[in-house]
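To start, the structure itself, in structure tokens.
The values are calculated or read from the model by the stated rules, or taken from the named source; none is laboratory data. As the structure is a prediction and not an experimental result, all values here were calculated from the model. Here the Cβ positions follow ideal geometry from the backbone for every residue, glycine too, while neighbour counts run over all protein chains shown.
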Amino acid sequence: MATLVAFLAPVASPAVLSSTSRAHRVPSRGVSWPVTVAGRRPRRTASMKASPPEDPVTARVRAELDANGVELEQLLNPSLVIKLERKLDEARAALATGDGDAAAHERDITRWTAQVVKEKRQVMQLWLKRVFLGQAAISAVVSGLLATGTCPGWWGDDGVPLVGRVLGFWLLWLFTVPALRARKPSKAEKSAWNVAFVGMPLLNVAAPFVSRDPALIWGADVTFMVALFVWYVVLPGGGEGGGKDTEEVKIRGWLRWLDWGSWK
């Protein structure tokens, strides 16, 4: 017992206890939060993440369109408008500095100005949104009929062949999701369909290792789409904020080459 007391005495000494209490003392009001613990940095939350600043040309075009009651994303080809505006800035700068052929710059400015005015008038109309929505609904129904093999009379008494049933669940990715994205929805909904566009091929490739029933794979795809829509659009906290104010999840990098249905 004496040995144990002698061993613990340095640990329980007033100097050690005083230093330990200072290390774990609650900071006073003058200390700002969050406070690091044991040298670890505080975890960066969604509210702490700063969105990247918008490029000046895009910001200028967006402000101009907002003044006219039109959103940049509602244009049929907003990327072309931004590209033309950049070309106009470069041509005007070259003309002002006397760099190159002035007559050629003036012709380019006249041509691009007329083109950008035309593009800014081409806004996604309500009837076109309804056309895309109808395409999405019809393709979803057709894909379900094919995947489940319930298409009487299409392939005779043998029913839908396996190739047709496999095509059924792929139709959701080929037609349904691109049609929903082409409607120019809100940022939250667009994020849901962007994630679906990237994630569904992975799901369709991995699902046969679990089940080779095309109907079950089609059901998994539909469940995946519904879950993404609920997460990004319906839930108030989905997608780091949800609703119209959430930052859009965009398709970047080499995945853009698969994005044949996007305006980018």
Among the residues listed as 174, 145, the single one being within 22 Å of the chain's Cα centre (by Cα), among the aliphatic types (A, V, I, L, M), closer than 22 Å to residue 204 by Cβ and part of a helix (DSSP H, G or I): 174
Expected output for the range 53-73 (first residue assigned by TED's automatic domain parsing to the domain that holds residue 89, partner assigned to a loop (DSSP other than H, G, I, E, B), Cβ below 7 Å, 6+ apart or cross-chain) is 65/71; 73/184
Are there any pairs with C-beta distances below 6 angstrom linking a residue in the range 97-118 that is part of a loop (DSSP other than H, G, I, E, B) to a residue that is among the hydrophobic types (A, V, I, L, M, F, W, C), with the two at least 6 apart or on different chains, and if so which? 100/94
Report the residue count in the range 178-200 for those that are among the small types (Gly, Ala, Ser), assigned to a loop (DSSP other than H, G, I, E, B) and either surrounded by 22 or more Cβ atoms within 10 Å (Cβ to Cβ) or in contact (Cβ under 8 Å) with a residue 60 or more places away in the chain (or both). 1
